[in-house]
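Below: the structure, in structure tokens.
The values are calculated or read from the model by the stated rules, or taken from the named source; none is laboratory data. As the structure is a computational prediction, the values presented were derived from the model and not from experiment. Note: ideal-geometry Cβ built from the backbone for every residue, glycine included; neighbour counts use all protein chains shown.
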Amino acid sequence: KRVAILISGSGSNMVSLVESMTGDHPARACLVLSNNHDAGGLRKAADRGVDTAVVDHRPYGEDRAAFEDILHARLTEARPDILCLAGFMRVLTEGFVSRWQGRMLNIHPSLLPKYRGLNTHARALQAGDTKAGCTVHEVTPALDDGPILGQAEVAIEAGETAETLAARVLELEHILYPAVLRRFAAGDRRMITLP
Ligand code: GRF
């Protein structure tokens, strides 16, 4: 299986995914694409021998469909079987999602269905939650809403800040996403929960 990974920033999840696809793993990374020219992950991908591409969303302004048409065309050139959104910070419209649904995953830093959207850790702390975590799900047109394929959770500790929590959850993301991708690439959609 060929996997294209979409990033916007540091790409730490992308690195974990790329480094997991070795040996008898049924998939290999075929492209890392960013909407952001200066995404730190682009260099990390190139250093690991993965083709990279940039499709900057800014020239398209509010015309999401125009951006997504270019995005789709560039992705299609790499012939991916699976798309992994990994810290990709652009909302994708139904027009794009419908062309990839069933073949597109995302990782979100909360225990969905709680805290769709942004600032998930601050919201969990604000609510006085005792646990937090991350979720890998299939992407559907509704934001952060598709079938859940994996979840990993941590206990929220006393004195926790959004920053300390984000760092701990990010470490879990780096374990969960590769575990889900390996199964998904083998055609297994059974949900994983960690620990
Ligand atoms: C992180 O906040 C992570 O929780 C979310 O995307 C952001 C950037 O991740 N999935 P990455 O380091 O670019 O993978």
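Brief remarks follow.
- VAL91 satisfies every condition listed in (1) within 16 Å of the ligand (Cβ to nearest atom); (2) of a type in the set (A, V, I, L, M, F, W, C); (3) under 27 Å from THR22 (Cα atoms) except (3).
- Residue selected from the range 90-112 under the condition assigned to a strand (DSSP E or B) and among the hydrophobic types (A, V, I, L, M, F, W, C), by the criterion surrounded by the most Cβ atoms within 10 Å (Cβ to Cβ): ILE107
- Looking only at the range 7-44, and only at residues there that are among the aliphatic types (A, V, I, L, M) and closer than 17 Å to HIS57 by Cα, the one that is farthest from the ligand (Cβ to nearest atom): LEU33
- For the range 54-88, the set of residues classified as touching a strand residue (DSSP E or B) at 6+ places or on another chain (Cβ under 9 Å) and either in a helix (DSSP H, G or I) or within 16 Å of the ligand (Cβ to nearest atom) (or both) consists of VAL54, LEU71, ARG74, LEU75, GLU77, LEU83, CYS84, LEU85, ALA86, GLY87, PHE88, listed by residue number.
- Just one of (1) within 27 Å of ILE148 (Cα to Cα); (2) surrounded by fewer than 15 Cβ atoms within 10 Å (Cβ to Cβ); (3) modelled with pLDDT of 95 or more fails for PRO59. It is (1).
- Flag for VAL50 being closer than 20 Å to ALA73 by Cα and surrounded by 13 or more Cβ atoms within 10 Å (Cβ to Cβ): yes
- Subset of the range 74-88 [under 20 Å from the mean Cα position of the chain (by Cα) and exposed (fewer than 14 other Cβ atoms within 10 Å of the Cβ)]: THR76, ARG79, ASP81
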